[in-house]
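Presented below is the structure to which this report refers.
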Amino acid sequence: MAIRTYRDLDVYKKSYEAAMLISKLTRKFPLWERVELARQLRRSTRSVPANVAEGWAKRDSAQEFKRFLQMAVGSCHETEVWLSMSKDENYITREEHETMAKEYERIGVMLRSLWKNWRNFTKES
């Protein structure tokens, strides 16, 4: 399948789906943490597909495209920290943590691969 928009990128699809899962997961956090830890966790997860989309829109500039992909990678790492804190606070189970942490690790690998192969996705290609 040809990649015509950011929605066609597997990394966008995976990161969007993961952000939706995290959003559902944080609904069971205690009320006071929904405004603190859960909010930070949702923000970092939502940042990943948003940065992919914004980078895609600016892919006529390799520097900008790659910069947004790097921000998305950073958000993956930030998400892993918030997930660990959520587990350590007993807001999510060890299994939920393991599943989502592995997913964000995979998404990070996908983003780095896209970053390395950015030439395949520039407007000039």
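Numbers for the structure displayed
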{"item": "Residue list for region 66-87, filter: within 9 Å of SER44 (Cα to Cα) and either at pLDDT below 95 or of a type in the set (Ser, Thr, Tyr) (or both)", "result": "SER75, THR79"}
{"item": "So ARG39, is it without any contact (Cβ under 8 Å) to a residue 60 or more places away in the chain, among the basic types (Lys, Arg) and not in a helix (DSSP H, G or I)", "result": "no"}
{"item": "Top-ranked residue of region 22-36 - restricted to ones that are free of Cβ contacts under 8 Å to residues at least 40 places away in the same chain and among the charged types (D, E, K, R), ranked as farthest from ASP88 (Cα to Cα)", "result": "LYS24"}
{"item": "Identity of the residue in region 19-35, over 19 Å from the mean Cα position of the chain (by Cα) and farther than 19 Å from GLU98 by Cβ, that ends up surrounded by the most Cβ atoms within 10 Å (Cβ to Cβ)", "result": "GLU33"}
{"item": "Answer from TRP56, TRP118 - the residue that is under 14 Å from TYR12 (Cα atoms), at pLDDT below 95 and of a type in the set (Phe, Trp, Tyr)", "result": "TRP56"}
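Listed here are the residues, each with its yes/no results for (1) more than 23 Å from LYS116 (Cα to Cα); (2) modelled with pLDDT of 95 or more.
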position	(1), (2)
SER15	no, yes
ALA19	yes, yes
SER23	yes, yes
GLU36	yes, no
GLU96	yes, yes
ALA101	no, yes
TYR104	no, yes
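The values are calculated or read from the model by the stated rules, or taken from the named source; none is laboratory data. Owing to the predicted nature of the structure, the values given are computational and were not obtained by experimental measurement. A quick note on method: Cβ atoms are made from the backbone with ideal geometry, for glycine too, and the neighbour counts reach across all protein chains shown.
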